[in-house]
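See structure below.
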Amino acid sequence: MMGTGRKKDEIITFKVDETLSFAMSGIQNRSDFIRSAILSALGNVCPVCNGTGTLSASQKQHWNDFTQHHHIHTCNDCMEPHLVCDHETAS
């Protein structure tokens, strides 16, 4: 029998605590909700730590070098922090 050429979906399971389970109990299609949340989160992952929240020793050294000429500034409009190059603000 010939295959359809479509790769089988992979099933990934994970545990949640009671609070999260209760919070999700009213969601009609939890699989779609979780899939959508993960895809959204992956689009917003830190490019340095890849979403881990921590830097390796080498990444930290690169960050330290980067911060020699960059700083974090809070936007006056949206109140979100963002990186600013000191060379651009010096002009």
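The values are calculated or read from the model by the stated rules, or taken from the named source; none is laboratory data. None of the values given here were measured: they were computed from a predicted structure. Note that we place each Cβ from the backbone using ideal geometry, even for glycine, and neighbour counts take in every protein chain shown.
When we screen SER58, SER25, SER21 for residues that are without any contact (Cβ under 8 Å) to a residue 40 or more places away in the chain, of a type in the set (S, T, N, Q) and within 30 Å of VAL84 (Cβ to Cβ), the only hit is SER58.
In segment 55-70 there is at least one residue matching the filter, namely being part of a strand (DSSP E or B), modelled with pLDDT of 95 or more and more than 20 Å from the chain's Cα centre (by Cα).
Under the condition of being under 21 Å from the mean Cα position of the chain (by Cα) and either part of a loop (DSSP other than H, G, I, E, B) or on the phi > 0 side of the Ramachandran plot (or both), the residues counted in segment 76-91 number 3. Looking at GLY43, GLY53, just one residue is closer than 22 Å to LEU83 by Cα, surrounded by fewer than 10 Cβ atoms within 10 Å (Cβ to Cβ) and in contact with a Cys (Cβ under 9 Å, 6 or more places away or on another chain), and that residue is GLY53.
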